[in-house]
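No lab work stands behind these numbers, since they all come straight from the coordinates. Computed from a prediction, not measured in an experiment: that's the story for all the values here. Because the Cβ atoms are built from the backbone with ideal geometry, glycine has one as well, and the counts that use them run over all protein chains shown.
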């Protein structure tokens with residue numbers, strides 16, 4: 001059996017040899033000021049001040065609105081999505097009745113337990129539950145346990161001509177199988193929501209998992225793409241631009257859409273590691 005330290009060294013060697021021979025990747029030396037400052041595109045919610053929304057929901061920013069090519073502050077990189085946060089609802093608290101306007105929200109539950117009520121429907125909330133809440137529908141969140149109800153929250157705009165869902169949509173990640181085919185070499189994924197399910201600006205929300213000692217195919221994204229990767233429960237390494245970072249739980253990054261900055265997560269641990277993923281790939285027709 002390969003020791004972890006040896007395995008990590010071999011993985012780095014494999015990674016850099018892959019970069020050297022990949023024609024689509026920039027082989028020039030890392031140059032500060034010329035190459036993107038990748039740390040501006042990576043952020044953990046612990047770096048943010050708390051803000052109350054929905055009455056008693058506490059949100060901490062991960063990624064916010066900004067300039068995807070020249071962010072003025074760390075994490076201010078989103079041009080299409082409104083915000084991406086980590087939100088908590090304290091024990092036995094309930095949000096005020098909330099109705100979204102010109103936006104819809106996606107909640108991915110990380111820990112705790114509770115209930116969500118919208119219209120005449122109520123659903124249980126626990127780890128792995130994901131909710132798509134459309135605009136125009138009054139809803140409340142309730143924490144039914146002694147621990148904080150914690151979630152990732154995405155706010156996306158409703159494009160012109162977009163047909164909203166009439167009810168909230170709830171899926172349970174725990175009941176969805178992984179793809180049978182791998183993505184970008186080794187990734188296996190679970191679809192949570194797609195355009196046909198009621199996404200407006202986004203085109204995909206997924207869980208993507210990496211087996212032990214595997215690496216994602218390094219690749220870049222072009223103009224109009226907004227792709228975000230978030231560590232959920234376990235730390236994972238990321239090859240980003242021409243550097244490597246450790247990505248602890250609660251940390252997300254977005255790839256600069258310059259067509260030349262590669263990214264690839266890689267798992268040097270001895271267990272499966274999953275990540276929360278969402279993306280808007282290009283200008284696309286909305287659901288009418």
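A few remarks follow.
- Going from the fewest other Cβ atoms within 10 Å to the most, the residues 269, 73, 28 appear in the order 28, 73, 269.
- Max mean-square fluctuation residue, GNM over the chain, Cα-Cα springs under 10 Å, options 265, 165, 182: 182
- Separation in nanometres of the label points that stand 7 Å from Cα toward Cβ, at residue 30 and residue 191: 3.8
- In percent, rounded to a whole number, the relative contact order of the range 4-280 is 17, using alpha-carbon pairs under 8 Å and six or more apart.
- Cα Rg, Dmax, the range 233-272, angstrom units: 11.0, 34
- Using just its DSSP H runs of length 4 or more, each adding -39500 (n - 2.57), the chain gives a mean residue ellipticity at 222 nm of -2000 deg cm²/dmol after division by all residues.
- Cα gyration tensor category, rounded, prolate or oblate, for the range 95-148 with a/c compared to 1.5: prolate
- Each of 30, 126, 152 was scored by other Cβ atoms within 10 Å of its Cβ. Arranged with the fewest first, they read 30, 126, 152.
- Fully extending the segment from residue 258 to residue 146, taken as 0.36 nm per residue of separation minus the present Cα-Cα distance, adds 35.8 nm.
- DSSP beta bridges fully contained in the chain are about 95 percent antiparallel.
- Working from label points 7 Å from Cα in the Cα-to-Cβ sense, the residue 47 to residue 157 distance is 2.5 nm.
- Across the range 163-244, the mean sequence separation of Cα contacts (distance under 8 Å, 6 or more residues apart), normalised by length, yields a relative contact order of 21 percent.
- Taking a ≥ b ≥ c as the square roots of the eigenvalues of the alpha-carbon gyration tensor, the range 50-89 is classed prolate because a/c is 1.5 or more and a/b outweighs b/c.
- Histogrammed with a bin width of 10 Å, the alpha carbon distances of the chain distribute as 6, 28, 35, 22, 8, 1 percent, first bin at zero.
- Exposure proxy ranking, count of Cβ atoms within 10 Å, fewest first, for 173, 59: 173, 59
- Contact order, relative form, for the range 106-145: 49 percent (alpha carbon pairs under 8 Å, 6 or more residues apart, mean separation divided by residue count).
- Against the chain, whose longest principal axis comes from its Cα atoms, helix 4-21 is set at around 80 degrees.
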